[in-house]
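The next block holds one structure in the form of structure tokens; read it before the comments.
Just so it is clear, none of the values below were taken in a lab; they were calculated from the coordinates. Note that the structure is a prediction, hence the values are computed from the model and not measured. Counting neighbours? That spans all protein chains shown, and the Cβs are built from the backbone with ideal geometry, glycine included.
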């Protein structure tokens, strides 16, 4: 069985072609679940490596690489979709279509392709199968759930025994690797609230039912509720992202309605359920106190991403072999959401963060993931490819 260092050396030998693939993918970013150009480019690079299945309701790809000997299946996942961000990096391979791989998914896809080639080259040493997912719709479109619903966990004939994915970050120094057991990323969802009143003249508010004042009171009360009703060692984040009410052309008209939207992040299913119970009660009580009515709705949320302790131990062993002290245990979870959570809810596994900040930029000051100016360094592509391939070999070698 090839060692992790041998796989890294092999991947580094192909660094130039990995960089070329990443640049091509970066120039054709697509949004959501329909990614036909991206799918076609990936298929071009994995042709002949194994059994390929395509999604029905999204442009997903499932690649099964079968080992020479029987054994279980390990799942590796790479997400494919871009963001609705107009790129401002100034790179000579920057996208020009109004979308951008501002979260590094172009590197994830390339790492998945690189891992596929490493595994296919050494499949005679595999005792089992590797299932590689190229997944659309990670950025809020629940692509992982769609692939699960379409049966992609069973493509090899057996449900995987372990699942791994990775994510590059500009906020980590190049080549740094980190993860943690247990909750690693939050459940990410949203809440929409509308207060219904009755409009009128701004000089006589007692003859109308102003929806703005109770809405503002509700936004403040929600923050107090988080402090008083939730365990502060199991945090909940509720941050208002937009407010809509009235008309900017005039100030003497009381609006009929007022609305706001908030992002909601939790680190346990218990708190997700509790928030969905308590927030509407609080909002409705405030509305009723002002003689108004309110509507409260929650969008579909990702699950809390919970890493399996044994899978994390494998990551720690392999990453330490590859980057030495460049691997550090992650001290705390982050409030970002990730639909890889749906995969590890079905299959024990681990998500891994890899630093990809260009070496000439201070990672503590670099434009972060999702910024129109975010830049990721190509030199991490062999490392990412080797990490994924090594994790599969560690189970199946």
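The angle between the Cα long axis of helix 36-46 and the longest principal axis of the Cα atoms of the chain comes to about 20 degrees, rounded to the nearest 10. By other beta-carbon atoms within 10 Å, ranking 147, 204, 375 with the fewest at the front produces 204, 375, 147.
Taking 285, 45, 385 in turn, the Gaussian network model of the chain (Cα-Cα springs below 10 Å) assigns the largest fluctuation to 285. With respect to the chain, whose longest principal axis is taken over its alpha-carbon atoms, helix 15-26 is tilted by about 30°.
As a length-normalised measure over Cα pairs under 8 Å and 6 or more apart, the relative contact order of the chain settles at 26 percent.
Ordered by the number of other Cβ atoms lying within 10 Å of each residue's own Cβ, fewest first, 215, 330 fall into the sequence 330, 215.
Between the beta carbons of residue 244 and residue 278, assuming R0 = 25 Å, the FRET efficiency works out to 0.55 to the nearest 0.05.
Put in order of Cβ neighbour count within 10 Å, fewest first, the listed residues 254, 237 become 237, 254. Among 369, 271, 224, the largest mean-square fluctuation in a Gaussian network model of the chain, built with springs joining Cα atoms closer than 10 Å, belongs to 224.
By the Cα gyration tensor, the range 186-298 has an equivalent ellipsoid whose semi-axes, rounded to whole angstrom, run 29, 13, 10 from largest to smallest.
Give, in nm to one decimal, the length gained when the segment between residue 234 and residue 12 is fully stretched (0.36 nm per residue of separation minus the Cα-Cα distance).
This chain segment gains 75.7 nm when fully extended.
Seen through its C-alpha gyration tensor, with square-root eigenvalues sorted a ≥ b ≥ c, the range 235-352 comes out prolate because a/c lies at 1.5 or above while a/b is bigger than b/c.
In this rough spin-label picture, where each label sits 7 Å from Cα along the Cβ direction, the residue 53-residue 313 distance is 3.1 nm. Taking the DSSP bridge list for the chain and keeping only pairs wholly inside it, about 65 percent are antiparallel. For the range 23-55 versus the range 170-240, the spacing of their alpha-carbon centroids is 37 Å. Tell me, rounded to the nearest percent, the portion of alpha carbon pairs in the range 38-118 spaced more than 22 Å apart. The proportion of pairs with Cα distances above 22 Å equals 34 percent.
Sort the range 6-65 into rounded, prolate or oblate with this rule: let a ≥ b ≥ c be the square roots of the eigenvalues of the Cα gyration tensor; rounded if a/c is under 1.5, and if a/c is not under 1.5, prolate when a/b is larger than b/c, oblate otherwise.
On the way: a/c = 2.87, a/b = 1.41, b/c = 2.04.
Note, shape of the range 6-65 comes out oblate.
Helix 212-229 versus the longest principal axis of the chain: what angle, 0 to 90°, nearest 10, using Cα atoms? For 212-229 against the chain, the angle is about 50 degrees. In whole percent, what relative contact order does the range 186-298 give with Cα contacts below 8 Å and a gap of six or more residues? With pairs under 8 Å counted, the relative contact order is 43 percent. Look at the Cα gyration tensor of the range 315-397: its axes a ≥ b ≥ c give a/c of at least 1.5 with a/b at or below b/c, and that counts as oblate.
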